[in-house]
1. How far, in nm, would the chain grow between His284 and Lys105 when pulled straight, counting 0.36 nm per residue and subtracting the alpha carbon separation?
2. Given R₀ = 30 Å, FRET efficiency for Arg159-Ser93 by Cβ-Cβ distance, to 0.05?
3. Hey, in the GNM for the chain with a 10 angstrom Cα cutoff, which one of Ile273, Ile214, Ile78 fluctuates hardest?
4. Over the chain, one equal point on each Cα, no solvent: what is log10 I(q)/I(0) by the Debye formula at q = 0.16 Å⁻¹?
5. Report, by chain and number, residues whose modeled amide H sits under 5 Å from the one on Ile183, excluding near sequence neighbours (fewer than 5 apart, same chain).
6. Give me the number: length gained by fully extending Asn112 to His293, i.e. 0.36 nm times residue separation minus the C-alpha to C-alpha distance, one decimal in nm.
7. Take every DSSP beta bridge with both residues inside the chain and express the antiparallel ones as a percent of the total, to the nearest 5.
8. Taking Cα pairs under 8 Å and at least six residues apart, what relative contact order does the chain come out at, in percent?
Amino acid sequence: MMAAMSPTVLRGKLRHNEPMARHTSWRVGGPAGTFYEAADLDDLVMFLQQLPPDEPLFWLGLGSNVLVRDGGIPGTVIATAGALMDLVKVNESTVRAGAGVACNKVARYCANLNLVGGEFLAGIPGTVGGALAMNAGAFGGETWRLVKRVETVDRRGVRRWHEPAEFQVAYREVQGPTGEWFIAAELLLQPGDGAAGLARVKELLERRNQTQPIGLPSCGSVFRNPPGDHAARLIESCGLKGLCRGGACVSTKHANFIINTGNATAAEIEALIDHVAETVKRTHGISLRREVHAVGAAAKEEARR
Ligand SMILES: Cc1cc2nc3c(=O)[nH]c(=O)nc-3n(C[C@H](O)[C@H](O)[C@H](O)COP(=O)(O)OP(=O)(O)OC[C@H]3O[C@@H](n4cnc5c(N)ncnc54)[C@H](O)[C@@H]3O)c2cc1C
């Protein structure tokens with residue numbers, strides 16, 4: 001069995017000590033012990049099957065909602081972007097999208113088929129897998145409202161289909177079967193005027209670009225909005241816009257964004273996140289919850305600036 005699954009037959013790209021700063025939208029993060037970009041789904045399954053059973057695994061989409069700490073990620077990072085790229089029409093209202101497909105590509109694909117409901121995905125700069133893990137949403141749309149079923153894989157390479165009812169889905173939060181990761185989703189859309197839907201979202205995106213620091217290294221909104229309020233309003237009202245820790249600064253354009261101005265470390269970003277949360281708690285009595293997922297180990301003391 002093992003001989004047939006020997007790493008020599010793998011067709012993906014295997015790297016060691018890969019700097020995660022290359023793979024996150026904040027442009028920070030220490031090295032991944034091992035970084036694997038599978039050639040396709042069969043190759044990914046084979047890779048998983050030959051991993052030691054206790055190897056720590058972290059799945060990465062486009063890294064647009066992760067803060068990888070400066071000490072990096074011990075174990076193996078599985079990169080889906082570029083790997084799980086199938087995007088096909090299953091029937092007149094259903095599209096199957098691989099976990100590695102960029103959300104805006106799905107939005108355009110559906111619109112070209114004159115299927116509507118997925119246009120908001122054009123506003124999510126991540127993959128389908130990341131959108132499923134986060135229940136990403138924009139402009140009133142939310143990923144899991146489209147999900148007909150999802151396909152997952154576990155660390156032994158076993159693939160399964162699941163219905164939405166098997167997941168607890170909330171605002172930017174999804175819990176499901178443990179030890180399984182998304183490899184694809186079937187999305188249910190409605191027939192309609194695709195071009196009109198996309199044009200409307202393009203307009204919304206243009207408007208959003210006026211109020212958010214798009215184009216600068218960030219992870220989008222750092223905190224979830226608390227019920228009935230906006231994290232950005234609370235942060236701004238504490239006078240925190242423009243506050244910096246090293247190279248990490250609270251955006252002057254949108255207070256719920258933290259920008260890497262060029263040479264920030266993950267430790268500086270995380271220190272600023274903690275300071276913002278503490279200040280809002282002290283001032284307003286509201287505990288902001290992080291939307292961004294912080295992963296990995298802090299840098300060793302001597303490596304810190
Ligand atoms: C400028 C900017 C604007 C943004 N605007 C929005 C917005 O409007 N709405 C919104 O919701 N988000 C927004 N985001 C945040 C982010 O784009 C979304 O959360 C997105 O869904 C993350 O996708 P990703 O592929 O980059 O995931 P990653 O950041 O790579 O991963 C995020 C989490 O998902 C997990 N994950 C990734 N792939 C899989 C998989 N296949 N199976 C299981 N788990 C997986 C990771 O382990 C991690 O825990 C924005 C980010 C930026 C930088």
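1. Values: separation 179, 0.36 × 179 = 64.44 nm, distance 4.02 nm.
The His284-Lys105 span can extend by a further 60.4 nm.
2. Values: r = 24 Å, r/R0 = 0.79.
Using R0 = 30 Å, I get an efficiency of 0.80.
3. Ranking Ile273, Ile214, Ile78 by mean-square fluctuation puts Ile214 first.
4. Values returned for q = 0.16 Å⁻¹ are -1.36.
5. Glu151, Thr152, Val153
6. On the way: separation 181, 0.36 × 181 = 65.16 nm, distance 3.31 nm.
Additional length available on full extension: 61.8 nm.
7. 75 percent
8. Working: 679 pairs, mean separation 54.1, N = 305.
Relative contact order for the chain comes out at 18 percent.
Only the coordinates and a few stated rules stand behind these numbers; no lab work does. The structure presented is a predicted model; accordingly, all values stated were derived computationally and were not measured. Cβ: placed from backbone, ideal geometry, glycine included. Neighbour counts: every protein chain shown.
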